[in-house]
1. So which residues in segment 146-181 are modelled with pLDDT under 85 and of a type in the set (Ser, Thr, Tyr), if there are any at all?
2. Would you check if there is a residue in segment 259-280 being touching a helix residue (DSSP H, G or I) at 6+ places or on another chain (Cβ under 6 Å), outside the structural domain of Ser147 (by the TED database) and not in a helix (DSSP H, G or I)?
3. Does segment 239-252 contain any residue that is within 20 Å of Met145 (Cα to Cα) and either modelled with pLDDT under 90 or not in a helix (DSSP H, G or I) (or both)?
4. Going by the conditions given, is Leu308 modelled with pLDDT of 80 or more and either outside any loop (DSSP other than H, G, I, E, B) or polar (S, T, N, Q) (or both)?
5. What are the residue pairs meeting all of these: first residue in segment 1-14, first residue outside the structural domain of Ala185 (by the TED database), second residue acidic (Asp, Glu) and modelled with pLDDT under 85, Cβ atoms under 8 Å, and 6 or more apart or on different chains?
6. Take the residues in segment 223-266 that are in contact (Cβ under 8 Å) with a residue 60 or more places away in the chain and hydroxyl-bearing (Ser, Thr, Tyr); name whichever of them is farthest from Phe320 (Cα to Cα).
7. Going by the structure shown, is Ala54 modelled with pLDDT under 95 and among the small types (Gly, Ala, Ser)?
8. I need the helices (runs of 4 or more DSSP H) fully contained in segment 311-381, keeping only those with at least 3 residues that are surrounded by fewer than 24 Cβ atoms within 10 Å (Cβ to Cβ), of a type in the set (A, V, I, L, M, F, W, C) and assigned by the TED database to the domain that holds Ile217.
Amino acid sequence: MPAEMVYDKERLRRARFAVAAVFCVHGAVTGSFATRVPWIQEHAGLSAGQLGVALAFPAIGSVTAMPLAGAISHRFGSRTALRGLLALWTLALILPSLAPDLVTLCAALFVYGAAAGMSDVAMNAIGLETESRLGKSIISSLHGMWSVGALIGSAAGALAAHLGSDARLHHLLAALTLTVFGAAACQGVLDSRPAADEEPPPRFALPPRSALLIGAIGFCAVFAEGASLDWSAVFLRDILDTSPGVAAASTTAFALTMAVARLVGDKVIDRFGAVRTTRTGGVLAAAGGVLVVVAPHPVVAMGGFGLLGLGIATVVPLAFAAAARSGPNASQAIAGVATITYTSGLIAPSAIGAVADATSLVVSFGLVTLLACGLVAGAGVLRSGGTKARGSTGAAAGSGGGVEMSPAGD
């Protein structure tokens, strides 16, 4: 075997671990923030309604800024863009805890969300380029590492809250630590650079048409995810009259189910393909939704939420992968799908609440079940030639298809 081939495989192996570390850092920021929301609410003197308004701004910032990520990556190269955007995201963790009132908190969370969205697009684009060159699915496990990072960040945040730590100090230390780890991880990722004659993407563009149907699949999955994360505990408490501890455990179990399913999902995707994996996941998620709706006992409902998490776990990673293959500009297509899915995450909690106010939470999760059925019906839009085929031609694409790859760590 030629020495160059051995070097390329070793470089790709390092690049895979590096981008996995980036995903973990990104998730840790989210986990660190989420656990200190009560402190931030008290510090800013907000009512529950005002906090709800403020918490809409991260998604608004993400949806607004995501389309810029492609132009930034084109201008600076994917590795440099990721390094800067990830640092912006980790440092943005400092802002919300500094806000003294509603207006400044909304502004801080807008910046926080914008940084989250742009770095999300950049790291997914690099993750999918790495997947293509490896010739096997890794995107599900990368999103699993994001979930692991979120769990680590939330565990550290829970400890800080238990010790009575000021969130401003906690977030400052967490932001600086994660910035250092993020910068080190970015050194190892692959670097895609545009060819000299390649036209830059628009600085701001609506999602391409190719991303709309793919985004609709992601919308269904993220709606189910947001509904389950935000309302599962309320469902068990209000509908099945469980204790607060059991109700909270259902949310934790759902998050853990998704994390584990994403970590092992790549083997399933490589074995059965994106379409069959998504359709099977849709069946599992729909079955879980039915269990939740008809549950006579908390254990049955928790099993239903577990099936929901298992069924939707790989859908968003597969939607990003399909978007990257759907057009000439991967970052723009990923940004389009991410915009649609983030919008779903924005409206899901309030939509579930509105339906519940008009009817009941049981009817709300009937809606979630219907959207899970949409995964079964629409899975075909994720069909592609497969990562193995792309991986076998990755080197050619790197030299003649519009990008040049520089060794990791340069």
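1. Ser154
2. Scanning segment 259-280 turns up no residue that is touching a helix residue (DSSP H, G or I) at 6+ places or on another chain (Cβ under 6 Å), outside the structural domain of Ser147 (by the TED database) and not in a helix (DSSP H, G or I).
3. Scanning segment 239-252 turns up at least one residue that is within 20 Å of Met145 (Cα to Cα) and either modelled with pLDDT under 90 or not in a helix (DSSP H, G or I) (or both).
4. yes
5. Pairs that qualify, where the first residue is outside the structural domain of Ala185 (by the TED database) and the partner is acidic (Asp, Glu) and modelled with pLDDT under 85: there are none.
6. Ser232
7. yes
8. Of the helices (runs of 4 or more DSSP H) lying wholly inside segment 311-381, those with at least 3 residues that are surrounded by fewer than 24 Cβ atoms within 10 Å (Cβ to Cβ), of a type in the set (A, V, I, L, M, F, W, C) and assigned by the TED database to the domain that holds Ile217 span 330-358, 361-378.
The values are calculated or read from the model by the stated rules, or taken from the named source; none is laboratory data. Predicted model only: the values in this text are computed from it and were never measured. All Cβ positions, glycine included, derive from the backbone under ideal geometry; neighbour counts span all protein chains shown.
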